[in-house]
Amino acid sequence: MGLLAARRAFDIVGSLLLGSLTGLGGGVVRDLIIGVTPTPFTQPVYLVPPVAAALLVYFFARRVQRFPRTLLVFDAGGLALFCTTGAVTALAAGMNPVSAALLGVTTGVGGGLLRDVVANRDPQLFNPRDIYAVPALLGAALITALWELSLFNAVTELCVAAVVFTLRVLSLHFRWRVPHAARSRHGARPGKT
């Protein structure tokens, strides 16, 4: 989150904004769709982790950049946590299963999408060499299925989060990707006719 701000030479305000967007953006979007006050505004303690991470990266960017794999592992943990709790929050608010699964994905990947748009770069969500949203979609769908089958509990939620985390880490290690759309028969480049 803060590394993008450091690479773009943003000041402390820009770093805090991008850090907060990354860590909280997806959940805020989810809460607004559900129709409740976003959690960071009712429980400001949720602001602490993204602000602390942004400050850490702002002041120690060079040191933090030495550990890209560690950062990706933490990111995989965040994805697992956000997509599962996002789906649970939506289900507890009475959303239907499809909406709850989509809001789980939104919670997991929405912050990064907002960060990239605000920082004026191509969203990593659309990176053809990554499957970032696929583990989130699987996790949110599994949570929703368990909820509907009355099998949801703390243990099954933890198991789903572990599946999402493992799939994300494996996808990074083995460089898995989603197949690209088929090209036209004439080999036209995108955007040209």
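Some points to look at:
- Test for Ala100: is it free of Cβ contacts under 8 Å to residues at least 40 places away in the same chain and of a type in the set (Gly, Ala, Ser): no
- Checklist (1) crowded, with 18+ Cβ neighbours inside 10 Å; (2) farther than 18 Å from Ser99 by Cα; (3) not small (Gly, Ala, Ser) applied to Gln124, failing item: (1)
- Subset of the stretch 106-161 [among the hydroxyl-bearing types (Ser, Thr, Tyr) and out of contact with any Pro (no Cβ under 7 Å at 6 or more places or on another chain)]: Thr106, Thr107, Tyr132, Ser150, Thr156
- Only a single item in (1) within 19 Å of Ala154 (Cα to Cα); (2) open to solvent by 50 Å² or more (accessible area, probe 1.4 Å); (3) among the aliphatic types (A, V, I, L, M); (4) under 16 Å from the mean Cα position of the chain (by Cα) is not met by Ala92, and it is number (4).
- One residue stands out in the stretch 19-66 among those that are closer than 18 Å to Arg115 by Cα and of a type in the set (Phe, Trp, Tyr): the one that is farthest from the chain's Cα centre (by Cα), namely Tyr58.
- Scanning the stretch 47-65 for residues that are surrounded by 14 or more Cβ atoms within 10 Å (Cβ to Cβ) and touching a residue at least 40 places away in the same chain (Cβ under 8 Å) returns Pro50, Ala53, Ala54, Leu55, Leu56, Val57, Tyr58, Ala61, Val64.
- Boolean, Leu137 is assigned to a loop (DSSP other than H, G, I, E, B), farther than 21 Å from Pro68 by Cβ and either in contact with a Lys or Arg (Cβ under 7 Å, 6 or more places away or on another chain) or open to solvent by 70 Å² or more (accessible area, probe 1.4 Å) (or both): no
- Pairs with Cβ under 6 Å, 6+ apart, first in the stretch 113-130 and assigned to a loop (DSSP other than H, G, I, E, B), second open to solvent by less than 60 Å² (accessible area, probe 1.4 Å): Ala119/Leu4; Pro123/Leu113; Pro123/Asp116
- Within the set Val98, Val118, the sole residue that is among the β-branched types (Val, Ile, Thr) and touching a Leu at 6+ places or on another chain (Cβ under 8 Å) turns out to be Val118.
The values are calculated or read from the model by the stated rules, or taken from the named source; none is laboratory data. For clarity, every value in this text was computed on a predicted model and none was experimentally measured. Backbone-built Cβ (ideal geometry, glycine too); neighbour counts: all protein chains shown. Just the protein is used for accessible areas: all its heavy atoms, side chains included, with ligands, DNA and RNA removed. Shrake-Rupley method; radii C 1.70, N 1.55, O 1.52, S 1.80 Å.
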